[in-house]
Structures are given as structure tokens and as C-alpha cells.
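Taking it in order: structure first as C-alpha cells, then the write-up.
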Amino acid sequence: AVDVLPVPPPDLVLSDVSVPFEAFEDTTITVRYKVTNLGPGPTNPDYWTDVVWLAHSDTQRPAVNPDNMTNDPAGGDMVLGSSGHGGELQPNEYYYGTAYVYIPKQTHGQYYIMVWADNADVVFELAQDTTINPKMPNDMEGSNINGAPINILLNPPPDLEVMSVDAP
């Protein structure tokens, strides 16, 4: 007889999202975050991608609106960028991620920069009741997602000043 013991699954939890309080449109910002394995087992596979979104809410999963093919932020949430992670995470191990993302032109208003660890669900996980995201209490995989508010401003128009006039 062969005894088979299943490997307990991990639970990736995203926290400590840091973004500027405000930023201008048509600029690049730095997004920092922390991903911790709070499950009882190691991550498998040992590579996944964390995706950064510009979202209208921090209480639901970001999603692309299929009717928003022009990537207009007013039409729905949009992907700003991603950052790959390589390396197994044992229980209670973590890493800090950094992504540099571009804020599109003509974007302005109050948004959320949301980071979604393992956006494609390549790591098999089992959510723990102790790691449920309080902003998404009905989403058992919501612990992979977290964000921070950002106020996006339009670039000010040029302020031209006549310095001299030459008349004939």
C-alpha cells in the first residue's frame, strides 16, 4: 500500500498597496505592494503575474468592459500594466512588488489603483476564512486583490506669456 498525503494549498494575500495620492494624466506612476502566502502549503507553480488596474471601485474585482474597446477609463476598468513574480513562496513568506504604470491621457477624477496577484489564477489556492478581503466579503478569492485611491488630474494648459513684440 502507498500512503499519499496531499500537499496543502497556498493562499496568496495582497496588501500594502502604495500609490501617489494624486497624479497627472499622461504620466507614469510607481505602484508598490506586498504579496504573502498565508496558506498552509507552498505555491505551485512558482511563477505568476500580478496585474495593475485602474478601477472605479475597490469593492469588486476589476473587469474590462467589452464595450470599451477604446480603453477609455470612463467606460470601465482598464489594465495599466503587470509585473511577473518568479519563485516559490512557502507559508508566511512574502515579496514586495513594484510596477511602473502609465496613466492615459484624458483620464481624470477619483479612481483606485488595484493590484491583482496571480490575475490568471495559475496558482491553485484555497482561500482561508481568516484572509477574506473585508472590502469583498462575498468573494472567496478576493484576498488576491487590493488597492489604493488615487486622484487623477488633467495636465494644466500651457501658460503662454508674450515676452516682447517687434513692430516694423
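The values are calculated or read from the model by the stated rules, or taken from the named source; none is laboratory data. Bear in mind the structure is a predicted one, so any value in this text is a computation, not a measurement. Heads up, the Cβs are rebuilt from the backbone with ideal geometry, glycines too, and the neighbour counts pull from every protein chain shown.
Going residue by residue through segment 40-51, is there one that turns out to be within 18 Å of ALA148 (Cα to Cα) and modelled with pLDDT of 95 or more?
Looking for residues that are within 18 Å of ALA148 (Cα to Cα) and modelled with pLDDT of 95 or more, one finds at least one in segment 40-51, hence yes.
Taking strands (runs of 3 or more DSSP E) that do not extend beyond segment 1-62, which have at least 2 residues that are surrounded by 15 or more Cβ atoms within 10 Å (Cβ to Cβ) and without any contact (Cβ under 8 Å) to a residue 40 or more places away in the chain?
Filter on segment 1-62 gives an empty set.
Can we say THR98 is in contact with a helix residue (DSSP H, G or I) (Cβ under 6 Å, 6 or more places away or on another chain) and not acidic (Asp, Glu)? Spell out how you get there, then give the answer.
Working: in contact with a helix residue (DSSP H, G or I) (Cβ under 6 Å, 6 or more places away or on another chain): no; not acidic (Asp, Glu): yes.
For THR98, the condition - in contact with a helix residue (DSSP H, G or I) (Cβ under 6 Å, 6 or more places away or on another chain) and not acidic (Asp, Glu) - is not met.
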